Number of protein chains: 2
Amino acid sequence: MRYCFGIDVGATTVKMGLFNIEETDAELIEKWEIETDISEHGSLILKDIAYEINNKCDQKNIKKENIIGIGIGVPGPVNSSGVVKKAVNLGWGEFNIEEKLKSLTKIYTKAGNDANVAALGEMWKGGGKGYDNIILLTLGTGIGGGIIIDGRIISGAVGAAGEIGHMHINDQETRKCGCGNCGCLEQYASASGIARLAKTRLKEYNGISALKNKNDVSAKDIFDAVRQKDDLAVEIAKEFGEYLGRALADIAVIVNPFVFVIGGGMSKAGEIVIDYIRPPFQKYAFHACKDTKFSLAQLGNDAGIYGAAKMVL
Amino acid sequence: MRYCFGIDVGATTVKMGLFNIEETDAELIEKWEIETDISEHGSLILKDIAYEINNKCDQKNIKKENIIGIGIGVPGPVNSSGVVKKAVNLGWGEFNIEEKLKSLTKIYTKAGNDANVAALGEMWKGGGKGYDNIILLTLGTGIGGGIIIDGRIISGAVGAAGEIGHMHINDQETRKCGCGNCGCLEQYASASGIARLAKTRLKEYNGISALKNKNDVSAKDIFDAVRQKDDLAVEIAKEFGEYLGRALADIAVIVNPFVFVIGGGMSKAGEIVIDYIRPPFQKYAFHACKDTKFSLAQLGNDAGIYGAAKMVL
C-alpha cells in the first residue's frame, strides 16, 4: 500500500486528506481539519501540520517509506521551487515551504498556490475531469483563477498567473478595486460584484421586482429571482454575463483551455449561471474557441486537498 | 559531433538550419532556403525538405545516428502529438507531420506552430534570452503571438493559444476584422492597424504634419515622424500604445510572463515602439505585474529555425 497527503491551508482552518494510491490513481480515504494558528507570524502552522501527519502515520501504522509525498496549497504566490513570496493572511514572509515541511516530516513535499492547486483538483476529479487544459474560476467575494495547461499549474514569473479578477475590462469605472486599479473584472463578476450591479440598477428601477424587498441583495437572491423570470434580475444577470463572457473570450485566445470550470459561492446557483456567461462568450470568442466547454466545479471545499495530492502523484 | 535541423516552413520559402550541438547548447553552422512548392495540395513540401536533409548529411558526411532530431515550424495549428489541423497557405489538411517527416528521413521529428516556435527561438537566443516565461508578439500585417511558459510552448486545446490579435478590445468598432468579429486587437495594434488609425485621424486633422504628404501612411512613416516630434504622429502612437498596453496588462494577469518580446515588421522602428506601449501597460497592470519587462526581438527571420532546433534539444 502506498499513500500521500493533500493539505489545503486556509486562514482559519487547515484541511487535510490522506489518499490511498492505486497504480496511477488515488482515493481519498480520510479527511479532517485543524485550526490555523496564525500566532507568532504563522510559524506554528507547518509544525502543527507535521504533527498531524506524523500522528496519522502512527495511528494507521503507515511507514514513512510508503508515503510518496505531501502536497500543500497555501494562500499566497508560490514559485516552482516551493518558495512562498508572502501569505498575508497567515502572517508569512518569504521562505521555502517544501524544504521546511520536508525537514519536519522527512517526506517529499510539493507546494503551490491554493487557487492553482484547487484547479488541479477540479481537473483530476471534478468539473474538468477528462481534460488537461482547464481554467477554474472561483466566483466568491473576489474572483480567483487557476490555470492548468497540459496537466501542469501555470504560476507565472511572480506567481500572478490566474489573477483574472484583475483583468481591466471597463474604462469608465471610477470606483477603485481592492487592488488599487479601476474597472477590474471582479468589480462586476464576483458575488460582491453582481450584488453591486444590482444595487445600482435597483436605484433606477421603477418596475416590480422581488429584489426590491431585500435589504442586501446577494448573488443567490439574484439567480433565485432569475429563475422566477424577474425582469430586473434577468437584466442584472445579463450584465454580469456580458462582462465575464467577454473576459473569458479574451482568455480563450491566450491560453485556449478545453473547459472553463465555474466554482466558488456563485456556482451554487447552478447551471443557470453558465446560461448567462456562454452566449456573450460565444459572441466575442475567436472562431476556433467558440466551442470551449463550461462546467460547474464539483469538489467544493475538497478541491484543495485533491489538487494538493495530485501534485505529488 | 552531434547535430540537429531547424526548419521553418512559410508559404513562399522554407528556411532550413543545421545546428552543431555542444553539451546542452547548439550553434547554427549553416542556413539556406528552398522554395515552398504548394502544388498538389502541398504534398511535395515534406519530400523536398527530406531531400534537402538527406542531401546535406551526405554532403557534410554526417551520419544519421549523430542527428538527434528535426524541429519544424508550420503556419497552422499543431497539437502536442504533431498533428496539423489545417495550414491553408500550404494547402494542407489534417495529418501527422512528425510521423510523415520521420518516415521520410528516419530521424526523430518534432513539429509546432510557426509563431509558437519563433517565440521559443527568441527565448533561447533572442529578446527573451535568460527567461523561460516569455511572450513573443509579432506586429506585422496581423498580430501573431507565441507563449512560452516554463520553457514550453503553450498550444491550447485546439492550437488557438497565442492568437492574441483576436482579443476583443473595442465594443464600439463596426468594421469587421479578418476573423469575422469586430473590435479585435489587430485592428489597431498591427502594422496595418496603426496605419488605419492614422488614416482616420488624418481626415480630421487640421494641423501641420509630415504624414499629410504621404499617399499611404505606413507604421514606419508614423514612428519616423514620432522621432521628429510630429504632433499627429505622437497622438497616433499613443492611441496604438493604449490599445496594446491595455491588452498586454490583461495577458499579464493570465499567464504572467517575465518579458514581452516585440517582433515583426513594426519592431524595426526600435525601442521607441516600446516607449509607447509601456506607460499604458503599467497604468492598467495588476500591481504584481507592473515590472514585466519589454524587449525587442533579435533573431528576425531566423527565429523560426532557432526555435525549431530548440524543440528537439
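The values are calculated or read from the model by the stated rules, or taken from the named source; none is laboratory data. These numbers come from a predicted model, not from an experiment. Counting neighbours? That spans all protein chains shown, and the Cβs are built from the backbone with ideal geometry, glycine included. Side chains are part of the model used for accessible areas, which takes the heavy atoms of the whole protein and leaves out ligands, DNA and RNA. Shrake-Rupley method; radii C 1.70, N 1.55, O 1.52, S 1.80 Å.
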Within the stretch B:26-55, of all residues that are among the acidic types (Asp, Glu) and open to solvent by less than 80 Å² (accessible area, probe 1.4 Å), the one farthest from residue B:1 (Cα to Cα) is B:37
Whether any residue in the stretch A:86-101 is in contact with a Phe, Trp or Tyr (Cβ under 8 Å, 6 or more places away or on another chain) and touching a residue at least 24 places away in the same chain (Cβ under 8 Å) is what I want to check. no
Kindly indicate whether residue A:163 is charged (D, E, K, R), open to solvent by 10 Å² or more (accessible area, probe 1.4 Å) and touching a Cys at 6+ places or on another chain (Cβ under 9 Å). yes
Of all residues in the stretch B:141-155 being open to solvent by 20 Å² or more (accessible area, probe 1.4 Å) and small (Gly, Ala, Ser), which is farthest from residue B:82 (Cα to Cα)? B:142
Just to be sure, is residue A:217 assigned to a loop (DSSP other than H, G, I, E, B) and buried (at least 24 other Cβ atoms within 10 Å of the Cβ)? yes
Within the stretch A:101-117, tally of residues that are away from chain B (no Cβ under 14 Å) and open to solvent by 20 Å² or more (accessible area, probe 1.4 Å): 7
Contacts under 9 angstrom Cβ, first residue in the stretch B:157-168 being within 7 Å of chain A (Cβ to nearest Cβ), partner among the hydroxyl-bearing types (Ser, Thr, Tyr) and part of a helix (DSSP H, G or I), 6 or more apart: B:168/A:284
Residue A:236 fails exactly one of (1) crowded, with 24+ Cβ neighbours inside 10 Å; (2) modelled with pLDDT of 95 or more; (3) touching a strand residue (DSSP E or B) at 6+ places or on another chain (Cβ under 9 Å), namely (3)
Can you name the residue in the stretch A:124-140 that is over 10 Å from the mean Cα position of the chain (by Cα) and open to solvent by less than 20 Å² (accessible area, probe 1.4 Å) and, of all such residues, is nearest to residue A:301 (Cα to Cα)? A:126
Is the stretch A:237-259 home to any residue that is more than 14 Å from every other protein chain (Cβ to nearest Cβ), among the β-branched types (Val, Ile, Thr) and in contact (Cβ under 8 Å) with a residue 40 or more places away in the chain? no
Answer yes or no as to whether residue A:144 is outside any loop (DSSP other than H, G, I, E, B), within 14 Å of chain B (Cβ to nearest Cβ) and modelled with pLDDT under 95. yes
When you check residue A:207 against the structure, is it touching a helix residue (DSSP H, G or I) at 6+ places or on another chain (Cβ under 7 Å), in a loop (DSSP other than H, G, I, E, B), at pLDDT below 95 and within 14 Å of chain B (Cβ to nearest Cβ), yes or no? no
Verdict on residue B:249 being of a type in the set (A, V, I, L, M, F, W, C), touching a Phe, Trp or Tyr at 6+ places or on another chain (Cβ under 6 Å) and either modelled with pLDDT under 95 or open to solvent by less than 10 Å² (accessible area, probe 1.4 Å) (or both): yes
Filter the stretch B:295-310 down to residues that are open to solvent by less than 20 Å² (accessible area, probe 1.4 Å) and among the hydrophobic types (A, V, I, L, M, F, W, C), then give me how many there are. 4
What number goes with the only condition from (1) open to solvent by less than 60 Å² (accessible area, probe 1.4 Å); (2) among the polar types (S, T, N, Q); (3) in contact with a Pro (Cβ under 7 Å, 6 or more places away or on another chain) that residue B:89 does not pass? (1)
May I ask you to list the residues in the stretch A:283-313 that are in a helix (DSSP H, G or I) and without any contact (Cβ under 8 Å) to a residue 60 or more places away in the chain? A:283, A:284, A:287, A:288, A:289, A:300
Looking at the stretch B:260-282, which of its residues are within 24 Å of residue A:255 (Cα to Cα) and either within 14 Å of chain A (Cβ to nearest Cβ) or not in a helix (DSSP H, G or I) (or both)? B:260, B:261, B:262, B:263, B:264, B:280, B:281, B:282
Determine whether residue A:121 is modelled with pLDDT under 95 and more than 8 Å from chain B (Cβ to nearest Cβ). no
Any chance the stretch B:34-56 includes a residue that's within 19 Å of residue B:146 (Cβ to Cβ), out of contact with any Leu (no Cβ under 9 Å at 6 or more places or on another chain) and either part of a strand (DSSP E or B) or not acidic (Asp, Glu) (or both)? no
Residues of the stretch A:166-193 being part of a loop (DSSP other than H, G, I, E, B) and open to solvent by less than 20 Å² (accessible area, probe 1.4 Å), in sequence order, are A:167, A:177, A:183, A:185, A:190
In the stretch A:8-58, the residues that are in contact (Cβ under 8 Å) with a residue 60 or more places away in the chain and under 22 Å from the mean Cα position of the chain (by Cα): A:8, A:9, A:10, A:11, A:15, A:16, A:17, A:19, A:26, A:28, A:31
Taking residue A:201, is it touching a helix residue (DSSP H, G or I) at 6+ places or on another chain (Cβ under 9 Å), open to solvent by 60 Å² or more (accessible area, probe 1.4 Å) and more than 24 Å from residue A:122 (Cα to Cα)? yes
